[in-house]
Amino acid sequence: MDKTITFLEKHHDRYEQELIEILRIPSISSDPGSLDAMRDMAKLLKKEMHSIGMDTARIMETGGHPVVYSEWLNAPGKPTILIYGHYDVQPVDPVALWDSPPFEPVIKDGRIFARGSADDKGQIFIHLKAIEAWLATQGRLPVNLKLIFEGEEEVGSAHLEDFIKANKSLLAADYVVISDTPMFREGYPGITYGLRGLAYLQVNLKGTSTDLHSGSFGGLVKNPINALVEILAQMKDEDGRILIPGFYDHVLPITEIEHDKLSKLPFHPEDFARNIGAPALFGEAGYDDLERLWARPTFDINGIWGGFQGEGAKTVIPAEAHAKVSMRLVTDQDPEDIAHKFTSYVQSLTPVSMEVDIQAMHGGFGYLTELDNPGLQAGVRALKRAFGKDVDFLREGGSIPIVKVFADIIQAPVLLMGYGLPDQNAHAPNENFSLYNFHKGIESIVYFLEEIGGLE
Ligand code: BES
Ligand code: ZN
């Protein structure tokens, strides 16, 4: 193992140069103008997979952006690990708030600043470099390896579920490994054993066929924006509890062991509030902060619009009102069931003078990895070896909906070994990735492959 670690040290600077190259490609999946960049990114990954010594690498078509897939399967009797990541990134708006252009990576204070640096290109690159180091210095890997990188994670992985179902035997594995989550604090490795799910919907209310003069009609018609805010105001009570009938039916409470682990993590509500510019935090009554953030479901209005938005005043009763809403879910809430319950509740609250139309957008289940899973424990040992610190056990409030699909279809536990940081600005201006975590991350994956290769 020493020569592999020495290899990492020797190639330290080259890794950063190569990372810069992949961060230059503006692979924004939601942008129809980025089709070429998406292809370029897929091609670069394929080339990289070949150059690090993987046996096969191919670009596989889906109904949308392609999947890049690669194999090295020369370790008979050893476990097979499927590493998943995404090469697409979020849009860069508002671009004026970036200190440097989002696709011209800059290194400052030990961090690399670029869109996709943490979410998720920097993290998938960790795996590629760890594999390269193993193959270059040992001529083999201690496990069988399959890599799958998709280009649609940031837009809801619309085609990946079908792809996984259609390629079930190709993707067969004993463990799925994903690096697309943050650590809890700088310098301390973390392993994520829980993710929240998501149900995202749009509500459209229509009152009349056209906008109306509020003097000539006000008093005889119901205003759809008034109706919409009245409806949405009934989603939560003042203690932050969600009022959709049956919403909490399948919520699994956290175990005492988990609660114990959570309460040991250093969480300072005042600092947290200050960092986001909030005067104070707010959450559901009766739960600890981290429990609220990671293990309790939420209801949020993501956008609301309708009526007059221009300068000055306009006396109008708008014909329509709209809102986008989302609910972060926890195991074992089913996003379809929740969408259905939300829809019925909104319908029951909609006045007879109004038409309502509700569209489910995307969603996915939450996920929990068993804490005593041997693969998770191998991850914990590897992280500890690389970072030299005890490992934080984390859940995350964010979602990677494809995780549950992998777990169900591949029938393998999913291990979330993430190397981001809480202030990585994912999806926001000045996204960044810690280079310390990048290099330690590579080292930890080198150890992880060894550790998991040692499992029966
Ligand atoms: N890397 C994130 C997932 C994530 C976010 C994990 C925060 C842990 C903490 C991923 O790229 C993402 O942004 N997911 C979306 C999913 C959505 C588009 C279906 C999310 O959580 O909003
Ligand atoms: Zn993301």
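The values are calculated or read from the model by the stated rules, or taken from the named source; none is laboratory data. Just so you know, these numbers come straight off a predicted model, no measurement behind them. Backbone-built Cβ (ideal geometry, glycine too); neighbour counts: all protein chains shown.
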Handout entry: Neighbours by Cβ (under 8 Å, 6+ apart or cross-chain): first from the stretch 336-353, farther than 13 Å from Ser326 by Cα and in contact (Cβ under 8 Å) with a residue 24 or more places away in the chain; second surrounded by 14 or more Cβ atoms within 10 Å (Cβ to Cβ) and basic (Lys, Arg)
Key = Pro351/Lys222; Ser353/Lys222
Problem - Residues that are away from ligand 1 (no atom under 16 Å from the Cβ) and out of contact with any Phe, Trp or Tyr (no Cβ under 8 Å at 6 or more places or on another chain), drawn from the stretch 136-161 - result: Gln138, Gly139, Val143
Practice task
Looking only at the stretch 341-349, decide whether some residue is within 20 Å of the chain's Cα centre (by Cα), modelled with pLDDT of 95 or more and not in a strand (DSSP E or B).
Solution key: no
Problem - Search result, residues across the stretch 311-335 that are in a loop (DSSP other than H, G, I, E, B), aliphatic (A, V, I, L, M) and surrounded by fewer than 21 Cβ atoms within 10 Å (Cβ to Cβ) - result: Ala313, Ala319
Handout entry: Near pairs, Cβ below 9 angstrom, 6+ apart or cross-chain, from the stretch 168-181 (polar (S, T, N, Q)) to any residue that is assigned to a loop (DSSP other than H, G, I, E, B)
Key = Ser179/Met417; Ser179/Gly418; Ser179/Tyr419; Thr181/Gly398; Thr181/Ile400; Thr181/Met417; Thr181/Gly418; Thr181/Tyr419
Practice task
For residues that are in contact with a strand residue (DSSP E or B) (Cβ under 8 Å, 6 or more places away or on another chain) and in contact (Cβ under 8 Å) with a residue 24 or more places away in the chain, tally how many sit in the stretch 18-37.
Solution key: 7
Exercise for the section: For Gly375, state whether it is buried (at least 19 other Cβ atoms within 10 Å of the Cβ), modelled with pLDDT of 95 or more, away from ligand 1 (no atom under 13 Å from the Cβ) and not β-branched (Val, Ile, Thr). Expected result: yes
Exercise for the section: State which residue pairs qualify: first residue under 30 Å from Glu154 (Cα atoms) and in contact (Cβ under 8 Å) with a residue 24 or more places away in the chain and inside the stretch 198-221, second residue part of a loop (DSSP other than H, G, I, E, B) and among the hydrophobic types (A, V, I, L, M, F, W, C) in any location, beta carbons under 9 Å apart, and separation of 6 or more residues or different chains. Expected result: Leu198/Phe365; Leu205/Met354
Handout entry: Qualifying residue in the stretch 272-284 (condition: of a type outside the set (Phe, Trp, Tyr), surrounded by 14 or more Cβ atoms within 10 Å (Cβ to Cβ) and without any contact (Cβ under 8 Å) to a residue 40 or more places away in the chain)
Key = yes
Exercise for the section: From (1) away from ligand 1 (no atom under 16 Å from the Cβ); (2) more than 18 Å from Val405 (Cβ to Cβ); (3) of a type in the set (D, E, K, R); (4) in contact with a strand residue (DSSP E or B) (Cβ under 6 Å, 6 or more places away or on another chain), pick out the condition that doesn't hold for Asp109. Expected result: (4)
Completion exercise
In the set Phe267, Phe247, Phe282, the lone residue that is within 23 Å of Ser399 (Cβ to Cβ) and in contact with a Leu (Cβ under 6 Å, 6 or more places away or on another chain) is Phe267
Problem - Hits in the stretch 163-196 - residues which are more than 23 Å from Asp423 (Cα to Cα) and of a type in the set (S, T, N, Q) - result: Asn167, Ser169
Practice task
List the number of the failed condition for Val352; all other conditions in (1) in a helix (DSSP H, G or I); (2) aliphatic (A, V, I, L, M); (3) within 30 Å of Asn204 (Cβ to Cβ) hold.
Solution key: (1)
